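Structure record follows, encoded as structure tokens.
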Amino acid sequence: MKLAILNPNSTESMTQKCHEVALKYKNEDTIVHSSNPTTSPKSIEGHYDEVCSVMALMQEIQKADIWGADAHIIACFDDPALYAARELVRAPVIGICESAMHLASMVASSFSVVTTLERSVPIIEDLSHRYGMNKFCKKVRAANIPVLALEDANSNAKEQITEEINRAIKEDKCEAIILGCAGMADLAHELTQTCKIPVIDGVLAAIKLAEALVGAKMQTSKINSYAFPRQK
């Protein structure tokens, strides 16, 4: 199968990080192509950044559809324009927040989300309600680090995330942790070992769900909600 990983922001190092995670854990017959727009914000930290990234993201999805992607992953934890993207193509389009929350609910009866900044907390809380996952979600927490700090090897981002996970385990009594940013994609397995709790990365969750959907020969319904956009 051909898998498109689409990072809506313009930071190539984050795109490469997601690509490397895919190469490490993909099925042998999965071909991965990862891309990002060059005109979108360098990070998506709030509603304004999300809106500014959307049309370039739609163009990336259309390009991936032309070269024959069997599934598309939107590699941003806000799941920007997920429903609009599903209107554009028949192939499955998967959000990493949606994926992480559903997989977490299958391996634990509760989870907390550790994201970057406080301003992302209400956005992720809204997504948990939209996906019907609020009954599993104990709390959405911020480690108070900018998204781009995750790309800086000299930052203490990993230490701050680890501290927030430990607080979540103690205070929330959660049974799993979800990492609330695509820029954390390379940390999940190390943090699972360090913190002694399942730590779930949405990028990897979306990759495995994409492979499952394509393997089951499932495509996006084109009846009503996700019908192709009308020509005008």
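For this structure, a couple of remarks:
- Residue within the range 21-43 that is touching a strand residue (DSSP E or B) at 6+ places or on another chain (Cβ under 9 Å), in contact (Cβ under 8 Å) with a residue 60 or more places away in the chain, in a helix (DSSP H, G or I) and closer than 18 Å to G180 by Cβ present: yes
- Residue within the range 58-66 that is closer than 22 Å to L150 by Cβ and either in contact (Cβ under 8 Å) with a residue 24 or more places away in the chain or basic (K, R) (or both) present: yes
- The residues of the range 87-138 that are in contact with a Ser or Thr (Cβ under 9 Å, 6 or more places away or on another chain), among the basic types (K, R) and under 29 Å from D65 (Cβ atoms) amount to a single one, R90.
- Checking S34 against (1) out of contact with any Cys (no Cβ under 8 Å at 6 or more places or on another chain); (2) more than 21 Å from I145 (Cα to Cα), the condition it does not meet: (1)
- Failed item, numbered, when S13 is tested on (1) touching a Gly at 6+ places or on another chain (Cβ under 8 Å); (2) at pLDDT below 95: (1)
- Restricted to the range 45-85, and to residues there that are in a helix (DSSP H, G or I), farther than 27 Å from V114 by Cα and among the charged types (D, E, K, R), the residue that is most open to solvent (accessible area, probe 1.4 Å) is K63.
- Residue pairs whose Cβ atoms lie under 6 Å apart, separated by 6 or more positions or on different chains, with the first residue in the range 105-134 and without any contact (Cβ under 8 Å) to a residue 40 or more places away in the chain and the second open to solvent by 10 Å² or more (accessible area, probe 1.4 Å) and part of a helix (DSSP H, G or I), are Y131/E98.
- Counting only strands (runs of 3 or more DSSP E) that sit wholly inside the range 106-195, those with at least 1 residues that are surrounded by fewer than 21 Cβ atoms within 10 Å (Cβ to Cβ) and either of a type outside the set (F, W, Y) or within 19 Å of the chain's Cα centre (by Cα) (or both) are 137-142.
- Screening the range 197-232 for residues that are open to solvent by less than 20 Å² (accessible area, probe 1.4 Å), within 17 Å of the chain's Cα centre (by Cα) and of a type in the set (A, V, I, L, M, F, W, C) and picking the one that is nearest to E164 (Cα to Cα) gives V199.
- Residue match in the range 90-98 (condition: in a loop (DSSP other than H, G, I, E, B) and surrounded by fewer than 24 Cβ atoms within 10 Å (Cβ to Cβ)): yes
- Breaking point among (1) over 25 Å from L57 (Cβ atoms); (2) of a type outside the set (V, I, T); (3) in contact (Cβ under 8 Å) with a residue 60 or more places away in the chain, for R141: (3)
- Residues considered: T15, T30, T11. Of these, the only one that is in contact with an Asp or Glu (Cβ under 8 Å, 6 or more places away or on another chain) and under 22 Å from H189 (Cα atoms) is T30.
- Residue match in the range 150-169 (condition: in contact (Cβ under 8 Å) with a residue 12 or more places away in the chain and under 13 Å from A104 (Cβ atoms)): yes
- Matching residues, the range 186-212, being without any contact (Cβ under 8 Å) to a residue 60 or more places away in the chain and over 17 Å from E28 (Cα atoms): L187, A188, H189, E190, L191, T192, Q193, T194, C195, K196, I197, V199
The values are calculated or read from the model by the stated rules, or taken from the named source; none is laboratory data. Note that the structure is predicted; figures quoted are calculated from it, not measured. So basically every Cβ, Gly included, is an ideal-geometry build from the backbone, and we count neighbours across all protein chains shown. These accessible areas exclude ligands, DNA and RNA; they are computed on the full protein's heavy atoms, side chains included. Shrake-Rupley method; radii C 1.70, N 1.55, O 1.52, S 1.80 Å.
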